[in-house]
Amino acid sequence: MLGQVTVKPDIPLAKLAKLAGVDIPTNCTSGTCGTCMITLIKGHVPLPETLPPGLDEDMVEEQARLGCIGCPMGDVDIDVRPPL
């Protein structure tokens, strides 16, 4: 485990990770580019009703989420992916 922080409502994973001393690379901060893609190992990070350009159904099936817009619902374990 690299970092741990208390989840705050409506705070995206990338910001929470930064508070824990973990860097999730970001670029657009709107879900468009996919730079901040992480793999959800455990827990729940809801998806937006319409997937943003940085995420597609195949990626979602592989538990991909976007750190810049994904807000965890409780405890989560994630794996930071290298930027696209």
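Here, each number is a calculation from the coordinates, and none is a lab measurement. Note that the structure is predicted; figures quoted are calculated from it, not measured. For neighbour counting, all protein chains shown are included, and Cβ atoms are generated from backbone atoms with ideal geometry for every residue, glycine included.
Do we find a residue being free of Cβ contacts under 8 Å to residues at least 40 places away in the same chain and part of a strand (DSSP E or B) anywhere in region 4-27?
Within region 4-27, none of the residues are free of Cβ contacts under 8 Å to residues at least 40 places away in the same chain and part of a strand (DSSP E or B).
Collect the residues in region 48-84 that are over 21 Å from Val5 (Cα atoms), among the hydrophobic types (A, V, I, L, M, F, W, C) and out of contact with any Ser or Thr (no Cβ under 8 Å at 6 or more places or on another chain), keeping them in residue-number order.
Leu51, Leu55, Met59, Val60
Specify the residue that is surrounded by the most Cβ atoms within 10 Å (Cβ to Cβ); the eligible residues are those in region 47-65 that are assigned to a loop (DSSP other than H, G, I, E, B) and among the hydrophobic types (A, V, I, L, M, F, W, C).
So the residue we want is Leu55.
What number of residues in region 32-42 are farther than 15 Å from Val76 by Cβ and either touching a residue at least 60 places away in the same chain (Cβ under 8 Å) or crowded, with 20+ Cβ neighbours inside 10 Å (or both)?
Number of matching residues: 2.
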